[in-house]
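Since the structure comes first, as structure tokens, the remarks are kept for the end.
The values are calculated or read from the model by the stated rules, or taken from the named source; none is laboratory data. These figures come from a predicted structure and were not determined experimentally. With ideal geometry, Cβ positions are generated from the backbone for all residues, glycine too; neighbour counts draw on all protein chains shown.
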Amino acid sequence: MDFKNLNLKKLIEIYVVANTADYLYRHYKSDTSIIQLAQSNDTTTLSSYISHSINPEISSIDLVYIYAVLIALSHKPANEVIPAMQKIDLAGLRWGKKLWSICKANFTSNLIVTIDLPQSLGKIETPIIQWDTSNIVVQKVIV
Amino acid sequence: MRKSIVNPHWSHLDLETTKGNQISNYQDSQVIDKNIENGCRDIYKNRYPAMVERTTSPTSIYNCHGMVFGSRRTQIDESTSVRKILEDDGYKKVSPENVMAGDVIIYIVNGDIEHSGIVVHPPIPENFNQAIIISKWGPFTEVLHPVHQSPYDSTTIEYYRIDK
């Protein structure tokens, strides 16, 4: 994988003072070089990098690269990333499982359902169900 | 101490609150690379000129929450664990004007307690009304710093004191 555009210096700075996985996620998620990493690599390439890189003897730099790739995956579509990541054991990676759970919780749905209905149906009640982690809303329509 | 079965560099302590609730924690025996340590030291000293390193060698054995709540023996990295300790151990919130040396400070962002430390000097005019904190910065070193001069978001801070 090509990391030449990754802002490694900034990512290391963040890693060195991170006390929690949430801190690392917040700062890496908004990093433009991680967004570029996501744009220039497909989901398979990114997830394969993680699965081949996890081992107990990885250095601090290796850890920064893995975290960058893991959070780059959060910029990819959930329907691609979730099946790919289910095959990877993150238990041996410090903050691996925690970061992945934060990524999953922050995926937004790309699902659009179109239903043909008469133009004037009536009043739409407040949402019956709404998930914080997606933009899916279930509503009841009173005719 | 229990050795981790997934990574030989990790181990866990049996850590409980005073009410007997388990606190998840781990020690990591790996340290950050020397070139990273030196590079980051230069960057942060340049960015926060008032910072003073209290310890000279980085360690991943403990982090900020482990320094404040785990006697520098382990890392505590879940906000829920920190909240459980504050509750179970009888910490009471202290208003900024009543802060004293020895009080605990926590930095909160969207519910995540991203940092904690111990007050060394309360916020007095001589310190430009900024408390001086000692805290551990991730796997880096322990640092003395003014409350608003660190890599952590100090927009929402809270002070606590054990008062039983």
Filter result (outside any helix (DSSP H, G or I) and more than 18 Å from the chain's Cα centre (by Cα)) within the range B:33-49: B:33, B:49
Any residue at all in the range A:19-26 that is within 14 Å of chain B (Cβ to nearest Cβ), part of a helix (DSSP H, G or I), surrounded by 14 or more Cβ atoms within 10 Å (Cβ to Cβ) and hydrophobic (A, V, I, L, M, F, W, C)? yes
Among the residues of the range B:80-90, is any touching an Asp or Glu at 6+ places or on another chain (Cβ under 8 Å) and of a type in the set (Asp, Glu)? no
Any idea how many residues of the range B:6-30 are surrounded by fewer than 19 Cβ atoms within 10 Å (Cβ to Cβ), closer than 25 Å to residue B:164 by Cα and under 20 Å from the mean Cα position of the chain (by Cα)? 6
Could you list, ordered by first residue, the pairs with Cβ atoms under 8 Å in which the first is in the range B:60-81 and assigned to a loop (DSSP other than H, G, I, E, B) and the second is of a type in the set (Asp, Glu) and surrounded by fewer than 21 Cβ atoms within 10 Å (Cβ to Cβ), at least 6 apart or interchain? B:60/B:28; B:61/B:28
Of all residues in the range A:67-103, which are closer than 27 Å to residue B:30 by Cβ and not hydrophobic (A, V, I, L, M, F, W, C)? A:67, A:74, A:87, A:89, A:92, A:94, A:96, A:97, A:98, A:101
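From the list B:121, B:148, B:115, which one is closer than 23 Å to residue A:11 by Cα, without any contact (Cβ under 8 Å) to a residue 24 or more places away in the chain and either surrounded by 15 or more Cβ atoms within 10 Å (Cβ to Cβ) or at the interface with another protein chain (Cβ under 9 Å from one of its Cβ atoms) (or both)?
B:148
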Residues of the range A:1-18 being free of Cβ contacts under 8 Å to residues at least 24 places away in the same chain, surrounded by fewer than 20 Cβ atoms within 10 Å (Cβ to Cβ) and not in a helix (DSSP H, G or I), which ones? A:4
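Within the bounds of the range A:69-77, is there any residue that is more than 30 Å from residue B:61 (Cα to Cα), away from every other protein chain (no Cβ under 14 Å) and outside any loop (DSSP other than H, G, I, E, B)?
No, every residue in the range A:69-77 fails to be more than 30 Å from residue B:61 (Cα to Cα), away from every other protein chain (no Cβ under 14 Å) and outside any loop (DSSP other than H, G, I, E, B).
Only one of A:142, A:58, A:66, A:136 is touching a Leu at 6+ places or on another chain (Cβ under 9 Å), modelled with pLDDT under 95, within 22 Å of residue B:10 (Cα to Cα) and not polar (S, T, N, Q); which?
A:58
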Filter result for residue B:82 (β-branched (Val, Ile, Thr) and away from chain A (no Cβ under 14 Å)): no
Considering residues that are of a type outside the set (Gly, Ala, Ser) and more than 10 Å from chain A (Cβ to nearest Cβ), the number found within the range B:5-33 is 13
Would you check which residues across the range B:140-151 are over 11 Å from the mean Cα position of the chain (by Cα) and either modelled with pLDDT under 95 or in a loop (DSSP other than H, G, I, E, B) (or both) and list them? B:140, B:147, B:148, B:149, B:150, B:151
Residue check: is residue B:43 free of Cβ contacts under 8 Å to residues at least 60 places away in the same chain and closer than 17 Å to residue A:18 by Cβ? yes
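Residues are listed down the side, and each one gets a yes or a no for (1) over 22 Å from residue A:11 (Cα atoms); (2) among the aromatic types (Phe, Trp, Tyr):
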position	(1), (2)
B:10	yes, yes
B:16	yes, no
B:23	yes, no
B:36	no, no
B:42	no, no
B:46	no, no
B:51	no, no
B:55	yes, no
B:59	no, no
A careful count of residues in the range B:85-112 that are among the hydroxyl-bearing types (Ser, Thr, Tyr) and either within 10 Å of chain A (Cβ to nearest Cβ) or surrounded by 14 or more Cβ atoms within 10 Å (Cβ to Cβ) (or both) gives 2
